[in-house]
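The values are calculated or read from the model by the stated rules, or taken from the named source; none is laboratory data. Everything numeric in this text was worked out from a predicted model, so none of it was measured. Backbone-built Cβ (ideal geometry, glycine too); neighbour counts: all protein chains shown.
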Amino acid sequence: MKRDDKSAMDELFHFYYHRLFHFSKSILKIENEIDDILQDVFVKIWLNRTKIDNAETFNAFIYTITKNEVLNLIRSNLRNQSFRNELYTRAVAEEYQTPNEIEYTEIKAGIDKIVANLPPKRQQVFILSRTESLSNKEIAQQLNISEKTVEDHITHAIKHIKSSMKEMGLISILYLYLFL
């Protein structure tokens with residue numbers, strides 16, 4: 001590939017495509033987005049082919065790129081309700097899925113109440129992270145605090161929410177709100 005041999009890229013594509021497809025599906029659960037992700041992965045590999053020095057670490061390298069592309073897609077689509085619904089339906093075991101909109105609304109209201117009771121700065125950081133999908137770096141810059149402080153606020157917020165959810169008996173639904 002370093003010598004611009006497109007047949008080497010073809011071999012790489014045929015060797016990794018199905019592996020990366022299944023890997024991506026294990027994270028994303030939505031097949032119709034995976035082809036675009038893998039196209040981006042292979043384009044990045046081709047564009048950075050001259051920088052690839054170690055054949056022994058290439059496997060980890062291509063899987064890391066794939067994982068990052070999947071996570072980027074998830075982050076960029078979190079505001080899209082139909083994407084969230086699709087991801088939720090595929091990612092959460094059927095017995096934990098909310099059977100109707102009323103129950104979902106009640107659970108979300110309970111979580112919102114827990115979040116509203118967080119200390120103001122922690123609440124603000126948590127909302128920027130989970131609702132606005134900002135990175136820790138973006139939050140730190142926006143609030144003029146360190147990234148480590150952002151991480152600390154998020155960690156403590158999640159611990160508090162988990163603890164409160166256990167008391168409510170709704171810990172399995174926590175996944176939906178915190179990670180989707």
(request) Filter region 115-136 for residues that are farther than 17 Å from residue 149 by Cβ and under 14 Å from the mean Cα position of the chain (by Cα) and give the result. (result) 131, 132, 133
(request) Quick one: which helices (runs of 4 or more DSSP H) lie wholly within region 129-180 and hold at least 1 residues that are over 27 Å from residue 70 (Cβ atoms), modelled with pLDDT of 90 or more and in the same structural domain as residue 110 (by TED's automatic domain parsing)? (result) 136-143, 147-168
(message) Return the residues of region 1-55 that are among the acidic types (Asp, Glu) and in a helix (DSSP H, G or I); say none if nothing qualifies.
(response) 10, 11, 31, 33, 35, 36, 40
(request) Being without any contact (Cβ under 8 Å) to a residue 12 or more places away in the chain and surrounded by 13 or more Cβ atoms within 10 Å (Cβ to Cβ) is the filter here, so list the residues in region 18-42 that pass it. (result) 19, 25
(request) Please state which one of 89, 98 is among the hydroxyl-bearing types (Ser, Thr, Tyr), assigned to a helix (DSSP H, G or I) and either surrounded by 11 or more Cβ atoms within 10 Å (Cβ to Cβ) or at pLDDT 75 or above (or both). (result) 89
(message) Going through 59, 48, 72, 77 one at a time, which residue ends up being at pLDDT 80 or above and closer than 21 Å to residue 138 by Cβ?
(response) 72
